Amino acid sequence: MNKSTLALAVALGAVAQQAGAAGFIEDSKATLGLRNFYINTDNREGTANPSKNEEWGQGFDLRFISGYTQGTVGFGLDAIGLLGVRLDSGGGTNGATASSYGGTIFPSKSNGEAVDNYSSLGLTAKAKISQTELKLGTLQPKLPVIVTNDGRMLPQTFQGGQITSSDIKDLTLVAGQIEKAKGRNSSNNESLSISGANSRGANWRSSNKFYYAGGDYKITKDLTAQYYYGNLEDFYKQHFLGLTHNWAIGPGVLKSDLRYFNSSDDGNNGNQSAYFSTGNYGGVNNGRGKVDNNLYSGLFLYSVAGHTFGGGYQVSNGSSDFPWLTG
């Protein structure tokens, strides 16, 4: 290779890098979310009587979402930084000896005292070709069989990989594997489990393999069908069927959302008590046994002139509770 050819190659490489960086940077965005959260749990009846837990904190949710480098395959990097600062946490009726009893919003120390603050950083590497995207690292999926819990001061996050494709017209396909979860009041990524099996005692059992796959198919512009499958190894497997429909009635639109979940045992959950789920076994509430649940639900919403009115109905049957994926 002569000098002029080499110089041209170097120049083209530099231009390509600059063009790639431009796509990565120009399409990037950063957001900061603030959430002030207070909770007061005062148990005066039942098995938890007497106990009280009062917590108040300020949450910070900083997110960076990059664009993609230019080229046939685009690459990017996302980040999420979470910080929770304690404003107050009362001792309560049955709390820690210190004046700061944690556990609901904030992690607790060994004596039950809430920490002053907690934080975490999550990174997600991503690649995209055409309408297919691969993500590895911190994930927050919102699918029927796995959904990030955002019901506290800071959200839950997962660790794993996910691929999403919309290359086929009117069809979106998703598949992934989750290995760890970080709870809403935790800084640590932990193995996966379900309610009833996650007592964290000597018999605590967990899994680092949750597989999921499925898709949404738009039959018409107003009718969408869904199917998803989820499997927490050694705990449960779950099938989901869904149907959503929009129907223009008068000046508004009626949206119908029908869902069905079928959950059953998997692996050790069927024969080892350490893997059992909570439920109603032998007529005894809060008993424990293998996963066995069917859940049916219907939601109907009518939207008109900026207002939405709705009603829903849900039925759950079977021996076990509906299985929730926990960390």
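Calculated over the chain, the projected area of the Cα convex hull averaged across directions stands at 23.8 nm². Residues I249, I80, arranged from fewest to most other Cβ atoms within 10 angstrom of their Cβ, appear as I249, I80.
Where both residues lie in the chain, what percent of DSSP beta bridges are antiparallel, nearest 5? All intermediate terms of the calculation are to be shown ahead of the outcome.
Numbers: 138 of 138 bridges.
Of those bridges, close to 100 percent are antiparallel.
Applying 1/(1 + (r/R0)^6) with R0 = 51 Å to the Cβ-Cβ distance of H245 and S319 gives a FRET efficiency near 0.95. The charge dipole of the chain, taken about its Cα centre with unit charges on the Cβ of Lys, Arg, Asp and Glu (plus for the first two, minus for the last two), comes to roughly 360 debye.
Look at the alpha carbon pairs under 8 Å that are at least 6 residues apart: their mean separation over the length of the chain gives a relative contact order of 10 percent.
Which order do L295, L32, L121 fall in if you start with the one that has the fewest other Cβ atoms within 10 Å?
On the way: L295 17, L32 9, L121 12.
If I rank by nearby Cβ atoms, fewest first, I get L32, L121, L295.
Report summary: the helix-based calculation at 222 nm, which adds -39500 (n - 2.57) for every DSSP H run with n ≥ 4 and divides by the residues of the chain, gives -2500 deg cm²/dmol.
With contacts taken as Cα pairs under 8 Å at a separation of at least 6 residues, region 230-293 carries a relative contact order of 31 percent. Any idea what angle helix 3-26 forms with the longest principal axis of the chain, computed on alpha-carbon atoms, 0 to 90 degrees, nearest 10? Around 30 degrees separate the two axes. Rounded to the nearest whole Hz, the Karplus-based 3J(HN,Hα) values (6.51 cos²θ - 1.76 cosθ + 1.60, θ = phi - 60°) of region 154-164 follow the sequence 10, x, 6, 10, 10, 10, x, x, 8, 10, 10, with x at glycine and proline.
Across region 135-151, computed HN-Hα scalar couplings (Karplus, 6.51 cos²θ - 1.76 cosθ + 1.60, θ = phi - 60°) run 10, 10, x, 7, 10, 9, x, 10, 10, x, 9, 7, 9, 5, 7, 10, x Hz from first to last residue, x flagging Gly and Pro. Any of K182/K209; K182/K237; K135/K255; K142/K221; K109/K209 with alpha carbons more than 24 Å apart? Name them for me. In this structure, K135/K255; K109/K209 exceed 24 Å between Cα atoms. Here K290 is the anchor, and the aspartates and glutamates within straight C-alpha reach of less than 13 Å, apart from those fewer than 8 places off in the same chain, are D234, D265, D266, D321. Computed over the alpha-carbon pairs of region 185-253, the distance histogram in 5 Å steps reads 3, 13, 15, 14, 13, 10, 9, 9, 7, 4, 2, 1, 0 percent, short to long. With Cα atoms defining each centre, region 53-92 and region 174-241 are spaced 21 Å apart in the structure. Here the simple spin-label model places points 7 Å from the Cα toward Cβ, and for T132 and N43 these points are separated by 5.0 nm.
Where a number appears in this text, it was derived from the coordinates with a stated rule and is not lab data. Keep in mind that what you see is a predicted model, and the values were worked out from it rather than measured. Virtual Cβ from ideal backbone geometry, glycine too; neighbours counted across all protein chains shown.
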